[in-house]
Amino acid sequence: MESGVVKIGVVGVGGMGSAHCKMVKDIKETELVFVCDIEKEVAKARGEEFGVPYFTDYREAVKSGLADALIIATPHWVHPEIAIYAFKNGLHVISEKPIAVTVSDADRMIKAAKKSKKVFAVMYQRRTEPWVRKLKELVRDGVIGEITRTLCIDPWYRSQAYYDSGTWRATWKGEGGGVLINQAPHTIDLFMAVGGLPVKVEAKTRTKLHKIEVEDEVCAFLEYKNGAWGYYYTTTCESGGTFHMELAGEKGKIIVNGTDITLYRYDMPVSEFTYKAENMWASLGVKEEKIELDTNVPVGHGEIIRNFAGAILKNEELISPGEEGLKSVEFINACILSSKTNKPVKIPVNRKDYDTLMKKLIAKSKVKKAVKVQRMTDPKFAK
């Protein structure tokens with residue numbers, strides 16, 4: 001890397017991986033040096049498209065010596081296997097979300113990254129968005145004080161054709177879950193980043209609408225270390241509406257609708273006012289403020305890749321460190337384990353219990369026939 005450019009190979013070049021290839025070629029700090037996919041026709045086509053060598057075995061790609069770093073854009077289950085191999089062979093890694101299906105696999109990835117002393121990042125590109133940067137700043141600066149309640153409503157929609165687009169989709173064996181492991185990780189990452197990781201989760205999951213074996217609807221009650229409560233909901237059964245998050249604190253409240261942030265500042269901490277007020281109908285003074293966002297900031301997958309290269313070349317602070325990817329996996333595993341056992345689950349999740357559950361679910365998992373195989377990324381996240 002004497003030239004000041006990080007040489008990157010992309011493993012898994014379907015829809016999302018192909019988009020990553022384009023971004024790597026466009027970023028001045030990075031150079032695309034190979035593509036890799038288990039489907040030879042796909043690998044060959046992408047290699048020809050981008051003018052780079054292609055591989056069908058990630059081990060051969062890693063051992064080729066062409067790359068300084070990997071972007072892993074394969075199905076979830078193989079993220080750990082590929083990342084650990086890359087770390088052992090001296091490569092830096094960006095993993096697509098989630099970093100792993102299980103907390104035990106996430107632990108192994110993080111351990112391998114630390115041992116190798118290589119840069120490890122996760123593709124949580126929504127962290128770059130202006131509203132997310134501002135929300136984290138407000139919480140970090142203590143504007144609403146200690147958080148006393150959280151809420152996150154994250155509706156998605158997916159057609160049956162989406163689930164029928166690949167034999168691995170929406171199966172325990174192929175994905176390790178449904179909406180929680182596929183659509184929701186980005187929002188879960190943000191929710192955990194600002195609201196904190198709960199210490200206990202009691203969740204219900206079900207297959208409400210689609211002909212799939214995994215969950216398409218989830219609701220969860222959360223308990224935090226400081227005694228605060230929270231609620232989380234996600235689904236792929238709703239169209240219309242928008243993402244909604246609330247953070248209530250001692251000194252105020254933040255409400256997010258879509259990407260709009262409204263701050264409510266209290267005249268004094270709510271616990272203090274509660275006992276100082278003498279009038280039985282006294283109301284806490286509240287000042288409403290629409291938060292302005294700095295939209296003149298780089299966003300998206302490309303910024304995560306550029307930042308990753310910056311961390312390698314000049315020790316730039318990572319926007320989305322790989323080890324922080326563990327938080328969303330902890331939460332996802334806790335929700336699934338709670339639902340399947342019909343019991344509250346403490347966090348950190350018991351690794352042995354979750355691995356045992358997943359083995360049982362995989363054993364019952366059925367290979368499905370794809371109605372129409374499609375390998376393309378969601379156009380909303382192509383940037």
With the structure loaded, tell me whether Lys225 is out of contact with any His (no Cβ under 8 Å at 6 or more places or on another chain), over 30 Å from Glu29 (Cα atoms) and touching a residue at least 40 places away in the same chain (Cβ under 8 Å) or whether it fails that test.
no
Residue hits (region 223-237; over 19 Å from the mean Cα position of the chain (by Cα) and either within 26 Å of Leu361 (Cα to Cα) or not assigned by TED's automatic domain parsing to the domain that holds Gly174 (or both)) are Cys237
Hey, any hits in region 342-355 for a residue that's surrounded by 11 or more Cβ atoms within 10 Å (Cβ to Cβ), part of a helix (DSSP H, G or I) and without any contact (Cβ under 8 Å) to a residue 24 or more places away in the chain?
yes
Cβ pairs under 7 Å, 6+ apart, first in region 310-324 and buried (at least 20 other Cβ atoms within 10 Å of the Cβ), second hydroxyl-bearing (Ser, Thr, Tyr) and assigned to a loop (DSSP other than H, G, I, E, B):
Ser320/Tyr124
List pairs: first in region 269-290 and assigned by TED's automatic domain parsing to the domain that holds Ile254 and under 13 Å from Ile144 (Cβ atoms), second assigned to a strand (DSSP E or B) and of a type in the set (A, V, I, L, M), Cβ under 7 Å, 6+ apart or cross-chain?
Glu289/Leu263
Among the residues of region 137-155, are any in a loop (DSSP other than H, G, I, E, B) and either of a type in the set (Ser, Thr, Tyr) or within 21 Å of the chain's Cα centre (by Cα) (or both)?
no
Enumeration of residues in region 276-309 that are surrounded by fewer than 20 Cβ atoms within 10 Å (Cβ to Cβ) and within 19 Å of Glu129 (Cα to Cα)
Lys290, Ile291, Glu292, Leu293, Asp294, Thr295, Asn296, Val297, Pro298, Val299, Gly300
Having 1 or more residues that are within 30 Å of Ile347 (Cβ to Cβ) and either of a type in the set (Ser, Thr, Tyr) or not assigned by TED's automatic domain parsing to the domain that holds Asn315 (or both) is the bar; report the helices (runs of 4 or more DSSP H) wholly within region 24-118 that clear it.
79-88, 103-116
Any idea how many residues of region 210-237 are surrounded by 17 or more Cβ atoms within 10 Å (Cβ to Cβ) and not in a strand (DSSP E or B)?
9
Would you mention how many residues in region 1-17 are outside any strand (DSSP E or B) and at pLDDT 95 or above?
4
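The values are calculated or read from the model by the stated rules, or taken from the named source; none is laboratory data. Since we're looking at a predicted model, the values are computed, not measured. Don't worry about glycine lacking a Cβ; one is built from the backbone with ideal geometry, like all the others, and counts go over all protein chains shown.
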